[in-house]
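Please treat every number below as a calculation from the coordinates, not as lab data. Predicted, not measured: the structure shown is a model, and the values here were computed from it. Glycine also receives a Cβ, built like all others from the backbone with ideal geometry; neighbour counts cover every protein chain displayed.
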Amino acid sequence: MTSKDSLQSIADRITTEQGHIDVLFANSGIGGPGLPFKKPASASGDVKPTLQEWRDALWSVPMEDFTQTLHVNCTGVMYTVLAFLPLLIKGNERRNPSERRQRSQILVTSSIAAWNRTIPHNPSYPASKAAVLNLVKTLSTKLAPEGIRVNCLAPGLYTSEMTAGHSAVKEGMEPDEDGALPADVAPEQRMGGLEDMAATALYMMGAGGAYLSGSVLMTDGGRAGQMPSSY
């Protein structure tokens, strides 16, 4: 997502093999620099850094690493859209106006971190996801007259490399297992899993989501309601 040549190469290949696309899903992202979710093995409870520890950990990170988070999570989305826009236009050109069929769509993954005001360990990540959210809105306005829809997924805690070892997960349980999280972390008391994300994405890409345009769908098990946020 951070190489224009790579993006163009993929777009060229799809142009040759398929000639169009109906959906572009910009889902990649990185967590960026910051303190890890994992707690020391010797710790009995949740370990929170002091302000000085938080400052020192982030100060030790090069500025370029902070910027890299925005480069992947926001700039990468923008240039992915630009690379595949001609294919989305071709997708609309194949559409039979007499049939009720969804127009081409760009689906982007942001995060509830875009609204969260209490993520102390990693400020580059919520900043990048807030930028993505604004990008989705502006792209939706820009592309709507051309018949291309832009929508957004805003997940909460999901099982992934970024959340591996999260300190809130109860010992001996899988993160997406019922009861794995305290209710004050997520009222559904678990992380989202592969089935949650796949079903939500398929809804937005399929006939059920054909009337979505400029929408942001939060899928977080109620977590955003457990913390100060601007949502």
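When shorter helices are ignored and each DSSP H run of at least 4 residues is given -39500 (n - 2.57), the per-residue value for the chain at 222 nm works out to -11000 deg cm²/dmol. Distance between the modelled labels on residue 99 and residue 118, one decimal in nanometres: 4.9 nm (7 Å Cα→Cβ projection).
Among the helices of the chain, those built from whole DSSP H runs whose Cα atoms reach 18 Å or more along their own axis and whose mean Kyte-Doolittle hydropathy is at least 1.0 are 76-93.
Candidate values (i) 1.01; (ii) 0.97; (iii) 0.94 were compared with Rg/Rh (Cα atoms, Kirkwood Rh) computed on the shown model; the agreeing label is (i).
Between residue 82 and residue 141, the modelled label-to-label distance comes to 2.0 nm, taking each label 7 Å out from Cα in the direction of the beta carbon. Using bins of 10 Å that start at zero, the share of Cα-Cα pairs per bin across region 134-231 amounts to 15, 38, 29, 15, 3, 0, in whole %. Each Lys or Arg adds one and each Asp or Glu takes one away; over the other residues whose Cβ falls under 10 Å from the Cβ of residue 192, this sums to -3. Using the Cα coordinates of region 58-141, the gyration tensor eigenvalues translate into equivalent-ellipsoid semi-axes of 34, 14, 7 Å, sorted from longest to shortest.
Beta bridges per DSSP, both residues in the chain: antiparallel share near 5 percent. Summing charges over all other residues whose Cβ lies under 15 Å from the Cβ of residue 113, with Lys and Arg as +1 and Asp and Glu as -1, gives +2.
Which value, in Å to one decimal place, does the Kirkwood hydrodynamic radius take for region 190-231 when every pair of different Cα atoms is included? It is 11.9 Å.
Please give the length that would be gained between residue 210 and residue 60 if that part of the chain were fully extended, namely 0.36 nm times their separation in residues minus their C-alpha to C-alpha distance (nm, one decimal).
Numbers: separation 150, 0.36 × 150 = 54.00 nm, distance 4.67 nm.
Contour length minus Cα-Cα distance gives 49.3 nm.
Close amide H contacts of residue 105 (hydrogens built in the peptide plane, cut-off under 5 Å, sequence separation of 5 or more or a different chain): 23, 24, 149.
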